[in-house]
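Report on one structure; see the data block that follows.
No value in this document is a laboratory result; all are computed from the given coordinates. On a predicted model such as this, the values are computed, not experimentally measured, just so you know. Here the Cβ is made from the backbone with ideal geometry for all residues, glycine too, and neighbour counts use every protein chain on show.
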Amino acid sequence: MLAMSLFRQCVFPISLAVLGSTSVLAAEKSPPPEPPAPSRKVDPTKAQTEAWLREHIEAWNDSEVHVTVKDCRIMVLDKPRERTEIVDLRGLLLPIEVIRLNGGNDATLRLRVKEKHTGTYSMFRKCSAENRYCAEPTGKFQSLPYVDLSVTSVRDFVPGRQTDVDKSLRLERALEHYSRLCGAMEDARNRLF
C-alpha cells in the first residue's frame with residue numbers, strides 16, 4: 001500500500017511535467033496571433049456620394065427645392081424663387097467655404113468656380129414657359145462666379161450640440177470628396193496664405 005502511494009506521488013508530478021512540456025512545445029510551434037489589421041474607412045463611391053448629396057441638400061434646404069446630382073453637376077431647382085442654379089464641379093475651386101449670410105442662423109456653403117462669368121461652370125436662370133420652367137439645363141443662363149448652398153438652422157434639443165455646424169461640415173466634406181472625384185482643383189492662392 002505504501003509502495004502504491006509512493007508510486008502515485010512519483011508518477012503524478014511526472015505526468016504533469018510531461019503535459020506541461022507538450023503544451024509549451026505546441027505553443028512554440030504555433031505562430032503568435034497577428035494583431036488586427038487597422039480598419040481603414042472606405043471612401044464612398046461616386047454614385048453613393050451623388051445620392052447622399054441629392055438627399056441632404058434637399059433635406060437641409062429651408063425652401064422647396066429639387067436637386068439633381070449627376071455627371072459632376074449639381075442642379076438645384078428652387079421652386080419658390082422660380083430659378084435654377086447649376087454648378088459643374090469639374091470647374092470648382094477648392095476649398096469650399098462655410099459662411100453665414102446676413103448674420104443669420106443658416107450656414108451657407110460657397111462653391112467658387114475657376115472661370116468666373118463664363119457660364120460654363122456656374123450659372124442660374126429664372127424659370128419661364130420659354131425655357132420649360134427650368135426643367136432642363138439648356139437655354140440662356142446668367143453666369144455666376146459662385147453658387148451658395150444653404151443649410152437650414154435647427155434648434156438643438158441637446159444644448160450646445162451645434163447641429164447646423166455639424167450638418168454644414170458634413171456637407172462640406174461630401175462636396176469636397178465629390179469634387180475631387182470630378183477633378184476639381186485646389187486654388188493655388190490658398191497655399192500662399
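Return the sequence-ordered ³J(HN,Hα) values of the range 67-74 in whole Hz as given by the Karplus equation 6.51 cos²θ - 1.76 cosθ + 1.60 applied to θ = phi - 60°, using x for Gly and Pro.
10, 10, 10, 7, 6, 6, 10, 10
Between LEU169 and THR45, what FRET efficiency follows from the Cβ-Cβ distance if R0 is 25 Å, with the result rounded to 0.05? Don't skip to the end; give the middle numbers.
Details: r = 21 Å, r/R0 = 0.85.
Efficiency, from the Cβ-Cβ distance: 0.75.
Check the straight Cα-Cα distances from LYS126 and name the lysines below 18 Å, setting aside those fewer than 8 residues away within the same chain.
The reachable lysines, counting only those whose Cα sits under 18 Å from LYS126, are LYS79, LYS140.
Taking amide H positions as placed in the peptide plane 1.01 Å from N, state which residues far from LEU93 in sequence (5 or more) or on other chains have amide H under 5 Å from it.
Under 5 Å from the amide H of LEU93: ARG112, VAL113, LYS114.
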